[in-house]
1. With Kirkwood's inverse mean 1/r over C-alpha pairs for Rh, give me the Rg to Rh ratio of the chain, two decimals please.
2. By the gyration tensor of its Cα atoms, with a ≥ b ≥ c the square roots of the eigenvalues, what is the shape of the stretch 11-57: rounded for a/c under 1.5, prolate for a/b over b/c, or oblate?
3. If you line up the long axis of helix 136-162 against the longest principal axis of the chain, both from Cα atoms, how many degrees apart are they, to the nearest 10?
4. How high is the relative contact order of the stretch 3-162, in percent, counting Cα pairs under 8 Å that sit 6 or more residues apart?
5. Divide by every residue of the chain the summed helix terms, -39500 (n - 2.57) for each DSSP H run of at least 4, and state the resulting mean residue ellipticity at 222 nm, rounded to the nearest 500 deg cm²/dmol.
């Protein structure tokens, strides 16, 4: 059974302004500066309708318990691929995948920016599945908690970029 991720963050600007910030070339440097996670753009491809695939490499977040560290990449980095689609009825939506090479963890989901009042809402949903006998369920809970804390910090970065 996988752990479930589901968070929502208010952003004080319209969908397209928030989208330009979170999918732009400046997103990784802004996160690196604010979070100290050494985020770096690996690639950024723009498709039809302004769809963007953004691949960012960063250091793993702090707070990972010792029992999990032996299952993580030796370089301590994770690569996240965000694939945003073209706008549909004022909403930007896409998928995200966090890749930790050699790790038994699979973490992925969906994301969207949708209009709300005078701004928008950034919604991140997903699952964390950790295939380690006996401790997989506990590990999934840890991964969900870390992912939710990380997305909250990223939402703060987004608000600082657009505010």
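Read-outs: derived from the displayed coordinates by stated rules, not from any lab. This is a predicted model, so every value here is computed, not measured.
1. Reported Rg/Rh, Kirkwood definition of Rh: 0.97.
2. Verdict is oblate for the stretch 11-57.
3. 30 degrees
4. 30 percent
5. Mean residue ellipticity, 222 nm, calculated: -9000 deg cm²/dmol.
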